[in-house]
Amino acid sequence: MSRLRVAVVGLGVGAAHVHAYTTLPEQFELVAVCDLDTRRAGKVCERLSLDTTGGSSGANRAGAVDIHSDYARLLAEADLDVVDICTPPHLHFSQSRAALESGRHVICEKPLVPSLAQVDALAAIEQQSGRRLMPIFQYRFGAGVLKLRHLIESGIAGRAYLTTVETSWLRGDDYYAVDWRGRFDTELGGVLLTHAIHAHDMVTWLLGPVRSVFARTTTRVNPIETEDCAAISLELHDGSLASFSATLGSQTEISRLRFCFENLTAESSLAPYTPCFDPWTFVAASPEIDAEIENALRDFDPGQQLYAGQFARFAAALDSGDALPVEISDARAALELATAMYHSNATGQAIELPIGPDHAGYTQLHPAAGGPS
Ligand SMILES: NC(=O)c1ccc[n+]([C@@H]2O[C@H](COP(=O)([O-])OP(=O)(O)OC[C@H]3O[C@@H](n4cnc5c(N)ncnc54)[C@H](O)[C@@H]3O)[C@@H](O)[C@H]2O)c1
């Protein structure tokens, strides 16, 4: 496998991406970072002890990381295989399209784009480009959630009954001081699209698609446009039910996922930002099932976790030609679920999925005027 030459664009959470690449030196070579704020980019590189050069000088040294401020110049000048986009959400579509059309693979942070119509357009651009695009859902790659997936796939868990998900985080003035946050035209959505999207993705990744959604959302914690509290009731295609709650006003921050199956009850830790990690508890319905669980998990190897876990699997999939660990269709499913939630809240009705091109939600994530189209 040859190393993939990667650039990270946007050095907020992008700093965690940069760090993850440095832990995967056999699969990735970080050749550039790009941020409008080159001081911020420089500080990230300094903190991670990376050797750097100024990108616009063109004086790149072998092994050094080039610092760019201009995305178009990065695409034009840098020798890259992969562009990893960690900029604010309203930029994801145009920056992903530009990178694909320049012949690079793309990794892009959540939420991928503002509408189902744009997800489908991006999937078509990806196909025409012959390159691949992987949306970020790094919470899938944690030992606890991977164990549950293994127990489901091996048939031990049995039928799903009921799932509960709590995303109870805290965000205040300092968080919303960043100008793109809290606005429909730039953040695209609030707690459902920006924060709880990870936990909700884990549920559909484990249990399959959603059939019907009833949602109530409100904005009570911060003086922002986007929602910061939500209560959701769902029916999944397998007939099981789920209940999601999400707030940005919880003084104790927790995430909790709890799955009641026929043969076991699985529960995550309360770690707000790593609920996918160990320890999870698996309580069996009988001593025999307990022995099956122990047997199934005895030699379980989760591999790399979080961002490094997703990136390592991405490089392996490009090499083998297998499906990516997260595909555009996964980002589409997450966006479809969020669209249904927003439309349910606006209409006071349950929304049935799938949402096709003839549904108002296909082009309009938020039915209210002022939402992104
Ligand atoms: N997966 C996760 O767990 C996770 C966590 C946090 C944020 N995110 C997502 O990552 C994205 C960025 O969020 P953040 O919190 O890092 O935001 P941020 O505002 O802290 O950082 C974004 C950076 O992008 C830079 N930028 C903006 N426009 C640019 C452009 N045209 N070219 C180059 N750089 C540009 C800004 O200067 C800024 O430094 C969002 O989509 C957010 O939802 C994901």
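Results, tabulated for the structure shown:
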{"quantity": "Close pairs (7 angstrom Cβ cut-off, 6 or more residues apart or separate chains): closer than 16 Å to Phe93 by Cα in region 172-189, in a loop (DSSP other than H, G, I, E, B) and aromatic (Phe, Trp, Tyr) anywhere", "calculated": "Thr186/Trp180; Glu187/Trp180"}
{"quantity": "Test set (1) of a type in the set (A, V, I, L, M); (2) more than 30 Å from Glu294 (Cβ to Cβ); (3) under 18 Å from the mean Cα position of the chain (by Cα) - Leu207 fails condition number", "calculated": "(2)"}
{"quantity": "Check on Asp70, crowded, with 22+ Cβ neighbours inside 10 Å, within 14 Å of the ligand (Cβ to nearest atom) and either modelled with pLDDT of 95 or more or not charged (D, E, K, R) (or both)", "calculated": "no"}
{"quantity": "Residue count for region 228-254, restricted to those that are out of contact with any His (no Cβ under 8 Å at 6 or more places or on another chain) and either of a type in the set (A, V, I, L, M, F, W, C) or open to solvent by less than 10 Å² (accessible area, probe 1.4 Å) (or both)", "calculated": "11"}
{"quantity": "Candidates Leu80, Leu122, filtered to the one that is open to solvent by less than 60 Å² (accessible area, probe 1.4 Å), modelled with pLDDT of 95 or more and not in a loop (DSSP other than H, G, I, E, B)", "calculated": "Leu122"}
{"quantity": "Selection from region 181-208 of residues that are more than 11 Å from the ligand (Cβ to nearest atom) and charged (D, E, K, R)", "calculated": "Arg183, Asp185"}
{"quantity": "Any pair with Cβ under 9 angstrom, 6 or more apart, that starts in region 286-305 at a residue that is within 12 Å of Val145 (Cα to Cα) and ends at one that is open to solvent by 70 Å² or more (accessible area, probe 1.4 Å) and not hydrophobic (A, V, I, L, M, F, W, C)", "calculated": "Pro302/Asp278"}
{"quantity": "Selection count, region 83-106, where residues are open to solvent by less than 20 Å² (accessible area, probe 1.4 Å), more than 9 Å from the ligand (Cβ to nearest atom) and assigned to a strand (DSSP E or B)", "calculated": "3"}
{"quantity": "Conditions (1) at pLDDT 95 or above; (2) more than 22 Å from Leu122 (Cα to Cα); (3) not acidic (Asp, Glu); number of the one not met by Ser94", "calculated": "(2)"}
{"quantity": "Boolean, Ile136 is among the hydrophobic types (A, V, I, L, M, F, W, C) and more than 16 Å from the chain's Cα centre (by Cα)", "calculated": "no"}
{"quantity": "Some residue of region 273-287 being in contact with a helix residue (DSSP H, G or I) (Cβ under 7 Å, 6 or more places away or on another chain), of a type in the set (Val, Ile, Thr) and more than 30 Å from Leu24 (Cα to Cα)", "calculated": "no"}
{"quantity": "Leading residue by the ranking (nearest to the ligand (Cβ to nearest atom)) among those in region 18-36 that are in a helix (DSSP H, G or I) and open to solvent by 50 Å² or more (accessible area, probe 1.4 Å)", "calculated": "His19"}
{"quantity": "Conditions (1) open to solvent by 10 Å² or more (accessible area, probe 1.4 Å); (2) more than 10 Å from the ligand (Cβ to nearest atom); (3) under 30 Å from Ser320 (Cα atoms); (4) not aromatic (Phe, Trp, Tyr); number of the one not met by Glu46", "calculated": "(3)"}
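The values are calculated or read from the model by the stated rules, or taken from the named source; none is laboratory data. This is a predicted model, so every value here is computed, not measured. Note that we place each Cβ from the backbone using ideal geometry, even for glycine, and neighbour counts take in every protein chain shown. Surface areas here come from the heavy atoms of the whole protein model, side chains and all, with no ligands, DNA or RNA. Shrake-Rupley method; radii C 1.70, N 1.55, O 1.52, S 1.80 Å.
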